[in-house]
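Computed from the coordinates by the stated procedures, all read-outs in this text should not be read as laboratory data. Note that this is a predicted model, so its numbers are computed, not measured. For neighbour counting, all protein chains shown are included, and Cβ atoms are generated from backbone atoms with ideal geometry for every residue, glycine included.
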């Protein structure tokens, strides 16, 4: 016996004239199939929902760039919700280097410290001995060291030499340019520059933040790390912190913040049902997520723990919430129709602004599904 | 002339459902209603007729149903001219019997026996209840079938299919009618 037509079982009128007969057939239980219409689960997420999240994961990355100069480098943490100061940490650059370059010739090699009044001059005389630049640097470090107890007291704490370079360590708090270098002979050269780099400042600030994490930052900072000229601060889940910096000279500290909020869809009266076939997803950004000033980069993914395992973007890969639009990722790994026994949908929203700064935004997240027969 | 909007206002959740049903029943929507349906059948190995003295056997589910009119199921054959949109497998009793040491089930049709479900372990020790879909199976995606005759294939290891003494499952085939092909 061959298959018979579905419509032959319902009523004449296969096209739009058949709807009445179709519905009557379903309603009267005359149709020998389980009626399983495609349904849409929906939940709206508003900007205010993100502000109310208590599990926001915030990570700030401070990148230090520019030529380091003497001065104070400060990182301040404030409560993003209340605006209250949490704490500040500061490091002061106070190392200098003097490099003996060129071809040393006989004559006077001077370093002039201008901060003391009157200025202090450290002089090394070359007359064949010391014979090389390296020897000259060693002697010059010794001559500066000789001045530490007297003319440079409170200014310089030590001076040492290695491979043509004299490193001068200033007393903490010395924040201005402290020396000039002159060379009185024709063929040798002597130059001075700051010994610290963006990497050393990053390391110093990271160490200070780590210390503060045991006290004033204990409730806010979970961890911090440094890599070359960056400091990465990971905050305690749920806190919202504003990091700011003040740096010396033209040195700049760019702060990139990443805020991640996780919203598990469903609640009393609107849980995503168990034992259904998920059959695609779509989201409607009816109001773009925005802040009072500037344009945020804010995105969402949709996924969760499927029967086959966790996949944060299994139904929708990263899609922007910064513009009103309808979002869909048909190529997402679990977008196609498939059975799920107990799927709690999860939306993860990532932003480069604090959620507390959002002033508008609304997205309706929809998951299509069909029920399956119960056996 | 631009497209006009759908003649009914659909709410986000269930508030608009009664109105949609009324409009469909009253034939006030000028398009064909294409609901999703499930053709379902309960298969019991003990009702499957003569079992094969080999380690695999394909069962034509139309033949099975005609031979077992009392078997729980849709009460009819899988309809012609529809779009298959997926499948469902629910294990009621795991397969076992004789010296069989493993048993798998495939779902498809004669042309592609595992086109809807590739080998699913249904032997004692595996899970009861709903099973995951084989979404990568060749025939799983939504597609038109003029006259699809569903079949299941049972494969055994160590001993033949005819030594099985237990095994029962529900099989479901999701479909949508195609109004213009009746």
- Run the numbers on chain B and let me know its relative contact order in percent, using alpha-carbon pairs under 8 Å that are six or more apart. 35 percent
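So what is the orientation-averaged projected area of the protein assembly as shown, using the convex hull of its C-alpha atoms, in nm²?
Computing the convex hull of the Cα atoms and averaging its projections yields 41.3 nm².
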- Message: So for chain A, averaging the separation of alpha carbon pairs under 8 Å that are six or more residues apart and normalising by length, what relative contact order in percent results?
- Response: 23 percent
- Would you mind calculating the gained length between residue A:333 and residue A:308 on full extension (0.36 nm times residue separation, minus the Cα-Cα distance), in nm to one decimal? 7.9 nm
- Mind checking A:37-46 for the average number of partner chain beta-carbons within 10 Å of each residue's beta-carbon? 3
- Note on the structure: In whole angstrom, the spacing between the Cα centers of the stretch A:296-375 and the stretch A:93-155 equals 66 Å
- Task: Could you tell me, in Å, what Rg and Dmax come out for the Cα atoms of the stretch A:189-254?
- Result: 14.6, 57
- Note on the structure: So the FRET efficiency between residue A:214 and residue A:142, C-beta based with R0 = 51 Å and rounded to 0.05, is 0.80
- Message: If you average 1/r across every pair of different Cα atoms in the stretch B:79-124 and take the reciprocal, what Kirkwood value do you get, in Å?
- Response: 12.4 Å
- Item | Near-label residues of the stretch A:81-100 by backbone N, under 14 Å of a point 7 Å along Cα→Cβ of residue A:72 | A:88-94
- Where is the GNM fluctuation largest for chain B (alpha-carbon springs, 10 angstrom cutoff): B:169, B:148, B:37? B:37
- Least to most buried among A:23, A:300, by other C-beta atoms within 10 Å and fewest first, runs A:23, A:300
- Query: Which value in deg cm²/dmol, rounded to the nearest 500, describes the helix-derived mean residue ellipticity at 222 nm for the protein assembly as shown, given -39,500 (n - 2.57) per DSSP H run of n ≥ 4 and division by the residue count?
  - Reply: -3500 deg cm²/dmol
- Query: Per-residue mean of other chain beta-carbon atoms within 10 angstrom of the beta-carbon, peptide B:121-134?
  - Reply: 2
- In Å, the Kirkwood estimate of hydrodynamic radius for the stretch B:37-177 over Cα pairs equals 15.0 Å
- Task: Relative to the longest principal axis of the C-alpha atoms of chain A, give the angle of the C-alpha long axis of helix A:133-147, reported between 0 and 90° and rounded to the nearest 10°.
- Result: 80 degrees
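Arrange B:62, B:31 by Cβ neighbour counts within 10 Å, fewest through most, would you?
B:31, B:62
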- Query: Ranked from highest to lowest mean number of other Cβ atoms within 10 Å per residue, what is the order of the peptides A:128-134, B:106-112?
  - Reply: B:106-112, A:128-134
- Would you mind giving the three semi-axes, in whole Å and largest first, of the ellipsoid equivalent to the stretch A:57-111 according to its Cα gyration tensor? 43, 13, 6
- When chain A is treated as a Gaussian network with springs between alpha carbons less than 10 Å apart, the largest mean-square fluctuation among A:205, A:85, A:53 is found at A:85
- Query: Among B:176, B:93, what is the fewest-to-most ranking by other Cβ atoms within 10 Å?
  - Reply: B:93, B:176
- Item | Test item: A:28-36 mean partner chain Cβ contacts at 10 Å | 6
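Please tell me the relative contact order of the stretch A:1-125 in percent, rounded to the nearest whole number, where contacts are Cα pairs under 8 Å and at least six residues apart.
Relative contact order for the stretch A:1-125 comes out at 11 percent.
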